[in-house]
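Data block below; observations after.
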Amino acid sequence: MIEQLRHLPGVGPKTAQRLALHILKRPETEIRTLANALIEAKEKVGLCQVCFHISADPICEICRNPHRDFQVICVTADSCDVIALEKTREYKGKYHVLGGVISPMDGIGPEQLYIQPLVRRVSQDKVKEVIIALSPTVEGETTTLYVGQLLKPFTKVTRIAFGLPIGGDLEYADEMTLTRALEGRQEFK
Ligand SMILES: [Zn+2]
């Protein structure tokens, strides 16, 4: 159990041990509920066919929502970034989740990410603005430049302003910082 828990992000050996001991102390019914919830989520939740955000339906709630501006697309690395941006309640456009960032060290090139579907979306729909919202890490920067160059012929491309700490992670930024980062976005050069 400790070995398995250690595979989770942010869980080191000590935390894994603490979680395992906690789980052992709980009643069996509670543990079954937890185990079933994990399996059920894995079985039911997939990716939205349009934006690649996690979704229980083929098309996610945000893509289906007619009140959201389909002419603005915010590009993020992962679904947790979408969740973080949604918490600000400031953004009313749609999203596109890349499924990671370009990272040659980890063997992740552009073709491993959902970049082509994004280019297709932007070139086919009447998209007025693409906001690139990737973490200000080396990999995030590389991906921002790559995606920005690809999309520039089709639409206005902006990137969120960083107020976010350099090397910091988008998903850990507080709502105020994210709101300011969105408001202060700048046109991609
Ligand atoms: Zn979607």
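Just so you know, all these numbers are worked out from the coordinates, no wet-lab data involved. None of the values given here were measured: they were computed from a predicted structure. Positions of Cβ are backbone-derived with ideal geometry, glycine not excepted, and every protein chain shown enters the neighbour counts.
Being assigned to a helix (DSSP H, G or I) and under 12 Å from the mean Cα position of the chain (by Cα) is the filter; apply it to the range 82-139 and report the residue that is farthest from the ligand (Cβ to nearest atom). Step through it out loud before you land on a result.
Restricting attention to the range 82-139, the residues satisfying the condition of being assigned to a helix (DSSP H, G or I) are 82-88, 104-106, 110-112, 115-124, 138-139.
From what's left, under 12 Å from the mean Cα position of the chain (by Cα): 82-86.
Values: Val82: 9, Ile83: 13, Ala84: 16, Leu85: 14, Glu86: 12 Å.
Only one residue tops the list, namely Ala84.
Just one of the numbered conditions (1) farther than 21 Å from Glu90 by Cβ; (2) in contact with a Phe, Trp or Tyr (Cβ under 8 Å, 6 or more places away or on another chain) is not true of Val127; which one?
Only one criterion in (1) farther than 21 Å from Glu90 by Cβ; (2) in contact with a Phe, Trp or Tyr (Cβ under 8 Å, 6 or more places away or on another chain) is unmet by Val127, namely (1).
How many of the residues making up the range 130-142 are surrounded by 17 or more Cβ atoms within 10 Å (Cβ to Cβ) and among the acidic types (Asp, Glu)? Before the answer, list the steps.
Just the residues of the range 130-142 that are surrounded by 17 or more Cβ atoms within 10 Å (Cβ to Cβ), to begin with: 130-137, 139-140.
Keeping just the survivors that are among the acidic types (Asp, Glu) gives 139.
Residues meeting the conditions: 1.
Is it the case, given these coordinates, that Phe52 is touching a helix residue (DSSP H, G or I) at 6+ places or on another chain (Cβ under 9 Å) and part of a loop (DSSP other than H, G, I, E, B)?
Values: touching a helix residue (DSSP H, G or I) at 6+ places or on another chain (Cβ under 9 Å): yes; part of a loop (DSSP other than H, G, I, E, B): yes.
So Phe52 passes the test.
Just need a number here: residues in the range 143-156 that are among the hydrophobic types (A, V, I, L, M, F, W, C) and crowded, with 22+ Cβ neighbours inside 10 Å.
Going through the range 143-156, the residues among the hydrophobic types (A, V, I, L, M, F, W, C) turn out to be 145, 147, 150-151, 154.
So of that shortlist, the ones also crowded, with 22+ Cβ neighbours inside 10 Å come out as 147, 151.
Result for the range 143-156: 2.
Output the number of the condition that Lys42 fails; it satisfies all remaining conditions of (1) surrounded by 13 or more Cβ atoms within 10 Å (Cβ to Cβ); (2) part of a helix (DSSP H, G or I).
(1)
If you go through the range 49-74, how many residues are near the ligand (Cβ under 8 Å from one of its atoms) and in contact with a Lys or Arg (Cβ under 9 Å, 6 or more places away or on another chain)?
Final tally of qualifying residues: 4.
Quick check on the range 32-53. Is at least one of its residues touching a Leu at 6+ places or on another chain (Cβ under 8 Å) and not basic (Lys, Arg)? Give the derivation first.
Step one: list which residues in the range 32-53 are touching a Leu at 6+ places or on another chain (Cβ under 8 Å), which gives 52-53.
Checking the rest, the ones that are also not basic (Lys, Arg) come to 52-53.
Scanning the range 32-53, I find at least one residue that is touching a Leu at 6+ places or on another chain (Cβ under 8 Å) and not basic (Lys, Arg), so the answer is yes.
Between a residue in the range 74-100 that is over 22 Å from Val122 (Cβ atoms) and any residue that is crowded, with 23+ Cβ neighbours inside 10 Å and of a type in the set (A, V, I, L, M, F, W, C), which pairs come within a Cβ distance under 6 Å, given they are 6 or more apart or on different chains?
The qualifying pairs are Thr88/Leu178.
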